[in-house]
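The numbers here are math on the coordinates, done by the rules we state, and not lab data. As the structure is a computational prediction, the values presented were derived from the model and not from experiment. Note that we place each Cβ from the backbone using ideal geometry, even for glycine, and neighbour counts take in every protein chain shown.
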Amino acid sequence: MAINAISADTSTPIVANTSGDIWLVKAGVEVTTAGDAINGTGSNGGKTFLIHGHLIAESGDGIDLGDSVLNNGGNNNVHILSTGSIFAESNAIESAGGGLDLTNEGSLFSFELTIFAEDGGNAIANTGTITSSGSFGIFALGGNNTISNGGAITAAFDGIRTQGTGNLIVNSGSVITSGTAANIAAVNIDSLTGESNRLVNGGELSSQLNAVLGGDGKETVVNRAPSTAMSN
């Protein structure tokens, strides 16, 4: 296991292709790239990323992990510290292969999907800010995902969207969407017949139309917030 520390500003993308290694972007450091700021694509998973500084991807993803064709390269750990941030023209964090363990205490902004986690078994915890100016705040596919929000999620489309079965969403913060289409919600649980998912809300869910949308499966919604906290 090697620790790869980025301690100075750079415009060179960080290539992360070794399983078991750790990449550390120190506080105050800016990684500003034309493509992905961190390229961790491929079949080698099991990597760790500690972002104390700033990733700025001017035409790509902030962090791109795994192999979306072979559906492997997962089981990665990403921690955005309170001093850290990601600004991305595409997705702030894109992860294939499943098993993403993501904690955000900082600031994530994207023009597309802010967090896109494929292949299931992902654990996403946010106590910072997540902003998408053109798409979803969090989109988790593949089932058995756990999403916990104690921060602020703001999106043009769904604030949180899941597909598959066995997903758990717990909100104690705010999830706000500015979208006006009938199929957009603060939380959109897009399920098929026979699938089941659960939402526990103790915070604010706000939408122009739908606070919560479900699919054809069984959606359990527990609202522990005041009635005004789920608005449309």
* Among 209-215, 99-105, the order from most to least packed when residues are scored by Cβ within 10 Å on average -> 99-105, 209-215
* Return the whole-Å distance between the Cα centroid of the stretch 36-66 and the Cα centroid of the stretch 143-220. => 26 Å
* Mind checking which of Asn167, Phe109, Gly66 is farthest towards the positive end of the stretch 52-211's charge dipole, using Cβ charges of +1 (Lys, Arg) and -1 (Asp, Glu) about the Cα centre? => Asn167
* To do: Subtract the Cα-Cα distance of Ala2 and Ala34 from 0.36 nm times their separation in residues, and report this length gain in nm to one decimal.
  => 8.9 nm
* With a point put 7 Å past each Cα toward its Cβ, work out how far Glu89 is from Glu58 in nm, to one decimal. => 0.8 nm
* Shape call, the chain: gyration tensor on alpha carbons, a/c limit 1.5 -> prolate
* To do: State, to one decimal in nm, how far the label point of Thr220 lies from the label point of Ser133, with both points 7 Å from Cα in the Cβ direction.
  => 4.1 nm
* Order of Ser7, Ser107, Ser68 from fewest to most other C-beta atoms within 10 Å? -> Ser7, Ser68, Ser107
* Neighbour-count ranking [beta-carbon atoms within 10 angstrom, fewest first] of Ile147, Ile160 -> Ile147, Ile160
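If you wrap a convex hull around the alpha carbons of the stretch 1-88, what volume per residue comes out, as a whole number of Å³?
Each residue corresponds to 76 Å³ of Cα convex hull volume.
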* Structure fact -> Fewest to most Cβ atoms within 10 Å: Lys47, Lys26 sort as Lys26, Lys47
* **Point-to-point label distance, Asn77-Ser11, nm (Cα→Cβ direction, 7 Å offset)** => 3.5 nm
* Asked: How high is the relative contact order of the chain, in percent, with contacts defined as C-alpha pairs under 8 Å that are six or more residues apart?
  -> 10 percent
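Could you tell me whether the stretch 120-232 comes out rounded, prolate or oblate from its Cα gyration tensor? Rule is a ≥ b ≥ c as square roots of the eigenvalues, rounded for a/c under 1.5, then prolate if a/b exceeds b/c, otherwise oblate.
Values: a/c = 1.30, a/b = 1.25, b/c = 1.04.
Note, shape of the stretch 120-232 comes out rounded.
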